[in-house]
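Q: Here it is, the structure in full.
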Amino acid sequence: MIERYREGSARSAKNILSVIEKVKRDDEIILIFLHRSVDGDCVGSASGICSMIRSLGAEAYVAIPENLPYNMNFLGIDDLFFHPNGDSAMAEEFAASRTIGGRKIGAAIATDCSEGSRMGFCGDIFDSIENKIVIDHHASVTSRTDNLWIDPDASSASEMVFYVAQQISEITGMDMRDILTPNSAKAVLAGIVTDTGRFTFKNTRPETLEAAGQLIGLGGDISEVCYNLFDRKTKQKFLLSAKARSEVQFFCDDRFALTVVPYSQFVEYNAGPDGVDDVVSAMRDIDGVELAIVLRQLESGEIRGNIRSQEYFDCSRFAEGFGGGGHVRAAGFTVKDGDINAVAEEVIKRVKAEL
């Protein structure tokens, strides 16, 4: 393991082992939390943590605020999820008593996210739990305590979780194959692949490739992961993606590319909200484009912005202006409701002032 990861991963591993000891003693449950607009990294890192906890004899679930995207169904990890906003008796019980199966939630672990405000419906649940652990790689996190491991230089939260698994293996003497199931290893690998853009982004380091190689040895199929996350599309999503690309507008001497996808287009093409996930990176890769933004409107009325840049535009700082966050070269935000064209005008205005 690279030395700079050792202290944080060891501290997180010890915190997790301490929490497991407590919840087993008190017959409680651990919930793992991730951000809304779920992606490969938050799902992969949360699934890896859940697999570790279960391998050590405690009960744990990933509290997911929405359905798993179509392109992640191949992971085979549905048994790890708890849908607090669903119609199940489990969700109703939790809403009424903050228990699951009559058992108290003894601890919360957040991965790829640290604030309840970014967790959608699940945020209120996260905020209500006193005992928390956070593993995140977003620079916008300002808190620092023994229960937080924040490393903005890590490629992904999933890579960080892999190092935590290694530490737990060292501390307990368990084999890594017993700590991460094959499907969980595949999910963690998917998280790394997502946030490194198939190992093409500048956050890909030698240790990132080493971690991915070990995850392949634990059951992660790199071909399956890359095909499903990046290449596989339904006809409806292909056509919607083509529509969004055809309506790209260029500003600031073609350095800024923007496309707007109203909810009516999702209805017209019968495509889900992830139907344009591939568009923002394709826009950023156009010669001369420094900044690319996709605005999409959901059925709920929410407007989500996805931001990508090449060399110098700070996506995270820009997203924070709309209540969002992320990384310097990739970030996002959500506007609760409003007119998508009015949001687009405000985005254009702010980008012109900066770019």
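The values are calculated or read from the model by the stated rules, or taken from the named source; none is laboratory data. Quick caveat: nothing in here was measured; it's all calculated off a predicted structure. Here the Cβ positions follow ideal geometry from the backbone for every residue, glycine too, while neighbour counts run over all protein chains shown.
Q: So if I check each of Ala139, Ala154, which one is on the phi < 0 side of the Ramachandran plot, assigned to a loop (DSSP other than H, G, I, E, B) and crowded, with 23+ Cβ neighbours inside 10 Å?
A: None of the others qualify; the one that does is Ala154.
Q: List the helices (runs of 4 or more DSSP H) that sit entirely inside the range 272-355 and contain at least 1 residues that are of a type in the set (Val, Ile, Thr).
A: The qualifying helices (runs of 4 or more DSSP H) are 279-284, 340-354.
Q: Run Phe266 past the list (1) part of a loop (DSSP other than H, G, I, E, B); (2) out of contact with any Ser or Thr (no Cβ under 6 Å at 6 or more places or on another chain) and report the number of the one that doesn't hold.
A: All conditions pass for Phe266, except number (1).
Q: Exactly one condition in (1) modelled with pLDDT of 95 or more; (2) part of a loop (DSSP other than H, G, I, E, B); (3) not acidic (Asp, Glu) is not met by Gln166; state its number.
A: Of (1) modelled with pLDDT of 95 or more; (2) part of a loop (DSSP other than H, G, I, E, B); (3) not acidic (Asp, Glu), only one is false for Gln166: (2).
Q: Looking at the range 257-275 only, could you name the residues that are farther than 20 Å from Phe201 by Cβ, among the hydrophobic types (A, V, I, L, M, F, W, C), buried (at least 17 other Cβ atoms within 10 Å of the Cβ) and modelled with pLDDT of 95 or more?
A: Leu258, Val260, Val261, Phe266, listed by residue number.
Q: If you don't mind, another one. Of the residues that make up the range 258-266, is at least one over 16 Å from Ile303 (Cβ atoms) and aliphatic (A, V, I, L, M)?
A: Among the residues of the range 258-266, not one is over 16 Å from Ile303 (Cβ atoms) and aliphatic (A, V, I, L, M), which makes the answer no.
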